[in-house]
Structures are given as structure tokens and as C-alpha cells.
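Values quoted throughout were computed directly from the atomic coordinates according to the rules given, and no laboratory measurement underlies them. Source: prediction; values computed, not measured. Positions of Cβ are generated from backbone atoms using ideal geometry, with glycine treated the same way; all protein chains shown enter the neighbour counts.
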Amino acid sequence: MSDNPIRVATSHALPSYLDPHHLGPWGIFLQQVDRVTPYLGNLARWVETLKRPKRILVVDVPIQMDDGTVAHFEGYRVQHNTSRGPGKGGVRYHQDVTLSEVMALAAWMSIKNAAVNVPFGGAKGGIRVDPRKLSLPELERLTRRYTSEIGIIIGPTKDIPAPDVNTNERVMAWMMDTYSMNVGETATGVVTGKPISLGGSLGRHEATGRGVYTVGVQAARRMGLDIAGARVAVQGFGNVGGIAARLFAEAGARVVAVQDHAGCVYAEAGLDVPALLRHAKATGSVAGFEGAQALPREQFWDTPCDILIPAALEQQITEANAHRIQARLIIEGANGPTTPAADDILTERGVLIVPDVIANAGGVTVSYFEWVQDFSSFFWTEEEINQRLVAVMNNALDAVWHVADDKGVTLRTATFIVACERILRARDLRGLYP
Ligand code: GLU
């Protein structure tokens, strides 16, 4: 469509919250887009689309606390891009959630969904709240009020939330119920990551960790790194890091270090991962685990290892610690864990990074399977789910590996090339309305 006369002007001043000089996750996303733009050919004229989220909704979420007082929380739902399909992405509850963060997370969902070629755009939601400080009834009221507030833009064919940091199957059940009560029908497809008995999918709970493991094995094989005996260090021990650690350990790797929000444990011979999972479940952290050496949290970055899996929050690997990392391979389980400056340092040092937008795409891939199953009311076996998941992840990694080799770029840039081409080709074909 090179004869399309539309030119997107770039000279208009950006709204303040889109300012590329604003540090933070959104600023990082903008830098990543700038890096990929020279590779986009004619489609580059649409690149401004990626630099402006399609729709941002900021909502007040007032709830009655158990003591009778009313507390207000700030909630967000950002639909970054819907050129390829409905918005899709999780909802995060965290005391540090900001609009900039949710915008970046929504944008990374657009890239991720396009990279693994599931027919979704990108969206993300969040509430600025420390959920650990809420009782279960308060958490339910918060979830239900938030869902009602964003109900004007979500829906099974519009935008489909899912779990993210500090949200889970139970939160998805409340979201599904609230949306369903408001529209007057049981709409299972409005969220994914639901309990199995409410239209959830087998394998969804484990999917992100399984995807991290799957691409980790493939990347290691390509590097000539044997998983058996490989030393793995994991940051974050929740749904992503915990499950990935278990799968690597089951495959014969040595999980030597785990760091979470409260501590860091180390065992050169390899941690007993099932025992550590039980300990973390019982106490809320890996801290205090017997049978391992306790390290200061910060020392995690110096641990001798072959594979590093950041599976916590954004901006963990920065200029300040990138030089200290000893791994040869980094598999990004978290969204946005590496800053662009750290990316450059690590690439310079020959460390291979499988970026978040491929490495942690297993979750949304099985979310897609869940959504399809909900629409057809026909459910697949866990074996079918896992086989399809592995096929999607391997194909996606193969494709971006090929582009990286071909163009001499990092896997991150290659993934952005593949994904941005898909998004912007759809954008170009759809044209401007009106
Ligand atoms: N929150 C997950 C992610 O960051 C899953 C999103 C989804 O399943 O929609 O990819």
C-alpha cells in the first residue's frame, strides 16, 4: 500500500504523559520503538500509532473498608492498540502502579501478542493498591468496583483482562461475575485465567512459567548450553519464577539462587525447589528457608550462574548491575525487566537475552486458547494445550531468531521488527476512519 497518500505528522507536541523524556517504563517502550523504526520500511510512517495508546481510562475506585471508612484507589485500563484484534492483557494490583507503567505494559502486550501471532491487540490494567493490606472482602469489593468502572470498555470481543502481578484465578472469577451481572448474561470470555469450573483452561495457571522454560531450553540448545547441570538464578518466585524454576529443576538444571521481595537464598549444588515452593507458600517469601545460604538481596546479581530469569517487576537489570551479571543467557519472565542501557551493556558482553515479549508470552498464548474454548464451549485436554503452547513458542522463537541472524540485531529488536510489522500492516490495511 505504498501509494497510500497519508502522511503522519510527527511535529505536534505530545501530551505530557507521552513525553519520551519522561523516565519510566513508557519512556523505555518509546526507546524500543525508536530502535526498530529504521527496519520498518514503508510501514514506518505509521509508527506514531505505537507511540500513542489508543485509549486510556483512569478510574476512581472507592470501597467501603471493613472498619466502615471509605477508601479511594486509583485504577487504570489502557488499550494500547487494537489493530489486530481486541485488547488483551492482565490487571496488576501493586502499590507502585503508575499510568506510565500500565501504558508500557499495555504496549508490550501489543508487541507480545503480535510476536506470537495471537489475534489480539494490547491492553493492561492496574490498581495502585497494596493488596496485602486488604482483607479478602475488601479485595473483592475493590475488584468488583474496578470491574464495573472499566466495564464501559472491556468485553469478550473488546478487551479481555487476565491475571498479572498480585491477581489470580479468584480475582478473575469476581471480574467475570461482576461484568456478567452488569450485562445480564454469563460472559465467561470477558476474562482469562479463570478457575477451571468457570470456563478456565487447563494449563493456564502454569502457562507463563512453562513458556519461559520452553524458550529457555530452545535458546540454550542453540547456544550449545546443556540444561542438565546448568546453573539457573531466578528473581521472583511467584506464578512465573516459581513454575519456571520447578520445570528447570525437573529437567536436571541446578537452581542455585532465588531472590524475592523479602530475601535471597543460594545453594551451589542446587536448591530443593519443591521444598522452597512449599516454604514460600507457607511464609510468603523464600526468606528463612533452611538448607540454603541466605544472601543479602542485592548479592543476587553477583551469583555465578549460566541462566538468569528475571521474573519479578520492570527495570531490575540496569546500568548499575548489568556488569555484575555472570549468566550467558537471560530469559525475561517479567515484563520490562531490562533497561535499554543495560540491554546494550549485556549485548556488548555477549550475553544473550530472550526478551519478555517472546519469553513470557506463554501466559497470553494459553489465554487465547481459553478464550477460543469459551466461545466454542468445547474444552481441550491439558496435553493438547501444552503441545499447542510449545508449538507456538518454538515457532515464534524460530522466526525471531532468523530475523536476528539475518539483520544482525538483538532478539529484542528482531521481535519488535516481526511484531511491529504485523501490527502496522494491519493498521495500514484498515486505513484511517473516517
Ligand atoms: N499478565 C500476563 C502477561 O503479562 C498475561 C496476560 C493475558 O493472559 O492476557 O502477559
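In segment 119-154, the residue that is nearest to the ligand (Cβ to nearest atom) out of those that are among the small types (Gly, Ala, Ser) and farther than 15 Å from VAL91 by Cβ is GLY121.
Can GLU149 be described as of a type in the set (Asp, Glu) and closer than 26 Å to GLY24 by Cβ? Yes, satisfied. For segment 277-378, the helices (runs of 4 or more DSSP H) that sit wholly inside it and include 2 or more residues that are polar (S, T, N, Q), surrounded by 15 or more Cβ atoms within 10 Å (Cβ to Cβ) and within 22 Å of the chain's Cα centre (by Cα) are 362-376.
Here segment 364-396 is the region considered, the condition is being within 16 Å of the ligand (Cβ to nearest atom) and among the aliphatic types (A, V, I, L, M), and the residue that is nearest to VAL165 (Cα to Cα) is VAL364.
Among residues of segment 96-111 that are farther than 14 Å from ASP164 by Cα, those with a beta-carbon under 6 Å from a residue that is within 12 Å of the ligand (Cβ to nearest atom) and of a type in the set (A, V, I, L, M, F, W, C) at least six positions away or on a different chain give the pairs ILE111/VAL357.
The single condition among (1) within 26 Å of VAL354 (Cβ to Cβ); (2) surrounded by fewer than 24 Cβ atoms within 10 Å (Cβ to Cβ); (3) within 22 Å of the chain's Cα centre (by Cα) that ARG221 does not meet is (3). Quick check on LYS112: is it touching a Ser or Thr at 6+ places or on another chain (Cβ under 7 Å) and either basic (Lys, Arg) or at positive phi (or both)? Judged against the criteria, LYS112 is not a match.
Scanning segment 195-205 turns up no residue that is farther than 24 Å from SER376 by Cα, crowded, with 23+ Cβ neighbours inside 10 Å and of a type in the set (Ser, Thr, Tyr). Of the candidates ARG412, ARG388, ARG427, the single residue that is touching a residue at least 12 places away in the same chain (Cβ under 8 Å), assigned to a helix (DSSP H, G or I) and closer than 21 Å to PRO86 by Cα is ARG427. Selection of segment 117-128 for residues being of a type in the set (Val, Ile, Thr) and crowded, with 24+ Cβ neighbours inside 10 Å yields only ILE127.
Within segment 137-157, the set of residues being in contact with a Lys or Arg (Cβ under 7 Å, 6 or more places away or on another chain), more than 24 Å from ASN360 (Cβ to Cβ) and buried (at least 19 other Cβ atoms within 10 Å of the Cβ) is empty. Could you run through segment 63-116 and say how many residues are away from the ligand (no atom under 12 Å from the Cβ), surrounded by 18 or more Cβ atoms within 10 Å (Cβ to Cβ), aliphatic (A, V, I, L, M) and not in a helix (DSSP H, G or I)? Result for segment 63-116: 3. Across segment 393-409, the number of residues qualifying as in a helix (DSSP H, G or I) and either surrounded by 18 or more Cβ atoms within 10 Å (Cβ to Cβ) or on the phi > 0 side of the Ramachandran plot (or both) comes to 7. State the number of residues belonging to segment 158-194 that are within 15 Å of the ligand (Cβ to nearest atom), surrounded by fewer than 16 Cβ atoms within 10 Å (Cβ to Cβ) and more than 20 Å from the chain's Cα centre (by Cα). Number satisfying all stated conditions: 0.
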